[in-house]
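K.L.:
Here it is, the structure in full.
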Amino acid sequence: MTSSQTELMAGGLMLAIDGEVATVTLARPERRNAMTPATWQGLAVIGASLPPEVRVVVVRGQGPSFCAGIDLRLFSANGVPGEEPIGGLAISEQAIAGYQAGYLWLRNPAIVSIAAVQGHAIGAGFQLALACDLRILADDATLCMKEPALGLVPDLTGTKPLVDIVGLPRAIELCLTARTVTAAEALLLRLAELVVPAPELDAAVADLVAALLTVDPAAARATKALLRQAGGHSLEQQAEAERKAQVKLLSKRP
Ligand code: ACO
């Protein structure tokens, strides 16, 4: 086992790379894939070391839940053995920035990221699904931004995609009630691109991956970069960005 595999396992993560597709698995099902700082650091390591040929990243969870969020033992006096404490003065903005790095790379234009969500996606787990470009939910999936109910803010890069997807009023309602969204409602709120019967989740993800891989890689990267920046641009700025991207893309053709 390599040192990085050992590092990933310490964070309850597994990584499998098959050509153009990487699968990141949250692999602590006995704790419903609850996350620790080692998990977020492991995710950041994966993002920083992804081979350039990878075009699609699937994020999934083992067992009945996608992810039950932060490991709540971190807030207890005993904490989690071998892990940094989280509560009170032990936390710093610098530490949180390190945890956020585990989520930020999933937006990279070089890849399309897909969250395959079954069962619970709570708190940090919901934010992980939000960090991905696309979400496919099993019909038993539930989403919950639990942080405010625990006296926390969502700080793992989830607030922006949530507002972008559902709009400000609904984001306020979801976060400040910390209520649970079913898969059916998630589809209505555009928090899921697709909802399928739970036994069909893997097949639905495989179909989407196959479809994404049919598109020209350079065009896919340039198009995702354009789409990602569109929300912050005026029409004129975006039209200019489209022109530039097209000229750059075509200039590289033989
Ligand atoms: N942290 C630590 N351990 C957890 C967590 C968690 N977040 N979630 C589940 N576990 C553990 C349970 O303690 C239990 O351990 P045990 O077998 O030693 O008793 C085991 O995982 C299974 O959990 P159950 O509750 O028995 O499983 P069930 O399927 O009935 O419920 C659920 C799953 C709904 C996820 C429930 O465990 C739960 O509510 N967990 C807490 C969720 C939470 O509040 N997360 C924090 C969100 S805020 C944030 O992420 C910043």
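The values are calculated or read from the model by the stated rules, or taken from the named source; none is laboratory data. For clarity, every value in this text was computed on a predicted model and none was experimentally measured. A quick note on method: Cβ atoms are made from the backbone with ideal geometry, for glycine too, and the neighbour counts reach across all protein chains shown. Please note that ligands, DNA and RNA were not included when accessible areas were found on the heavy atoms of the full protein model with its side chains. Shrake-Rupley method; radii C 1.70, N 1.55, O 1.52, S 1.80 Å.
K.L.:
Under a Cβ-only charge scheme (Lys and Arg +1, Asp and Glu -1), can you give me the dipole magnitude of the chain about the Cα centre, in debye to the nearest 20?
P.N.:
Computed about the Cα centre, the dipole is about 480 debye.
K.L.:
How much of the accessible area of the chain, probe 1.4 Å, is carbon plus sulfur, in whole percent?
P.N.:
The nonpolar share, carbon plus sulfur, comes to 61 percent.
K.L.:
In degrees from 0 to 90, rounded to the nearest 10, what is the angle of the helix 168-177 Cα long axis to the longest principal axis of the chain?
P.N.:
Tilt relative to the chain: about 20 degrees.
K.L.:
For segment 231-254 and segment 137-151, what is the centre-to-centre distance using only Cα atoms, to the nearest Å?
P.N.:
37 Å
K.L.:
Further question on the same structure: Taking 7 Å along the Cα-to-C-beta vector as the label spot, tell me the ALA245-VAL163 distance in nanometres, rounded to one decimal.
P.N.:
Result for the modelled spin labels: 2.3 nm.
K.L.:
Another one. Roughly what would the spin-label model give for ASP18 and ALA48, points 7 Å off Cα along C-beta, in nm?
P.N.:
2.9 nm
K.L.:
Taking R0 as 35 Å, what FRET efficiency do you get between ALA198 and ALA225 from their Cβ-Cβ distance, rounded to the nearest 0.05?
P.N.:
For R0 = 35 Å, the calculated efficiency reads 0.55.
K.L.:
Right, another one. Looking at the chain, what % of its DSSP beta bridges pair antiparallel, to the nearest 5?
P.N.:
30 percent
K.L.:
If contacts are Cα pairs under 8 angstrom and at least 6 residues apart, what is the relative contact order of the chain in percent?
P.N.:
Computed over the chain, the figure is 15 percent.
K.L.:
How high is the relative contact order of segment 1-103, in percent, with contacts defined as C-alpha pairs under 8 Å that are six or more residues apart?
P.N.:
Over segment 1-103, the number comes to 30 percent.
K.L.:
Here is a follow-up. Please determine, in degrees from 0 to 90 and to the nearest 10, the orientation of helix 201-213 with respect to the longest principal axis defined by the Cα atoms of the chain, where the helix direction is its Cα long axis.
P.N.:
Tilt of helix 201-213: around 30 degrees.
K.L.:
Here's a follow-up. Round to the nearest 10 and give me the degree value, 0 to 90, for the angle of helix 235-251's Cα axis relative to the longest principal axis of the chain.
P.N.:
On a 0 to 90 degree scale, this one is about 70.
K.L.:
Mind checking the full-extension length gain between ALA110 and VAL153? Use 0.36 nm per residue of separation minus the Cα-Cα distance, one decimal, nm.
P.N.:
The span from ALA110 to VAL153 would gain 12.5 nm if fully extended.
K.L.:
Between ARG73 and GLN94, what is the label-point separation in nm under the 7 Å Cα-to-beta-carbon projection?
P.N.:
If labels sit at GLN94 and ARG73, their model points lie 2.8 nm apart.
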